[in-house]
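The values are calculated or read from the model by the stated rules, or taken from the named source; none is laboratory data. Bear in mind the structure is a predicted one, so any value in this text is a computation, not a measurement. Virtual Cβ from ideal backbone geometry, glycine too; neighbours counted across all protein chains shown. For the accessible areas, the whole protein counts, side chains as well, though only heavy atoms, and no ligand, DNA or RNA atoms are used. Shrake-Rupley method; radii C 1.70, N 1.55, O 1.52, S 1.80 Å.
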Amino acid sequence: IKIEMYKKVAAAEKLEEIDQVEDEFIDRFGPLPDPVWRLLMVARMKAYAYALEMESIVLKDDKLKMMFQPTINDKIDGSRLFQLVSQADRRFGLISGTQIGITCRVDKLTENEWLTMVCELLDKLTSASLIKEEKKSNALS
């Protein structure tokens, strides 16, 4: 049964699906052990990344890098992104240039702490309107 549950986590692409799997885990097995909680948080990060059109999320040398797809650079509202990242923990920073991204220093944090912090920021970014609306021409005919 547990293997089936892990398959459901791996297959979940939307936050609602992850929430359903979490509820099912709790119903069947009781409170979530830390490894299962972390697995669900990583699944949430993937769902947020997909919704935000991120290309990658990589953890290396105590630094998490979350990179947007280069094809959306011109569509991202940079000032809104800057505002939201600036309001978050000071461990977050921005990467600009040919590819836009967000960094997070995770040194001195537990895995649970940084997973929570990153998911909270990604949730705010998903809720915000980061993608600029295309200007519509109002030509009179």
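Expressed as a whole percent, the accessible area of the chain that falls on carbon and sulfur atoms is 50 (1.4 Å probe). To the nearest ten degrees, helix 78-87 and the longest principal axis of the Cα atoms of the chain are 40 degrees apart. Packing order of peptides 18-25, 99-106, highest average first: 99-106, 18-25 (average count of other Cβ atoms within 10 Å over each peptide's residues).
At the residue level, Lys14 shows approximately 120 square angstrom of accessible surface with a 1.4 angstrom probe and all protein chains present. For the chain, modelled as a GNM with alpha-carbon contacts under 10 angstrom, which of Leu122, Leu81, Leu59 fluctuates the most? Among Leu122, Leu81, Leu59, the largest mean-square fluctuation in the Gaussian network model of the chain belongs to Leu59. Short-range pairs are left out: with C-alpha atoms under 8 Å and at least six residues apart, the relative contact order of the chain is 22 percent. Adding -39500 (n - 2.57) for every DSSP H run of four residues or longer, then dividing by how many residues the chain holds, sets the calculated 222 nm ellipticity at -16000 deg cm²/dmol.
Compared with the dominant principal axis of the Cα atoms in the chain, helix 34-51 is inclined by about 20°. Surface exposure of the chain, expressed per residue as accessible area with a 1.4 Å probe, stands at 67 Å². Basic side chains Lys and Arg get +1 at the Cβ, acidic Asp and Glu get -1 at the Cβ, and with that the dipole of region 1-121 about its Cα centre reaches some 400 debye.
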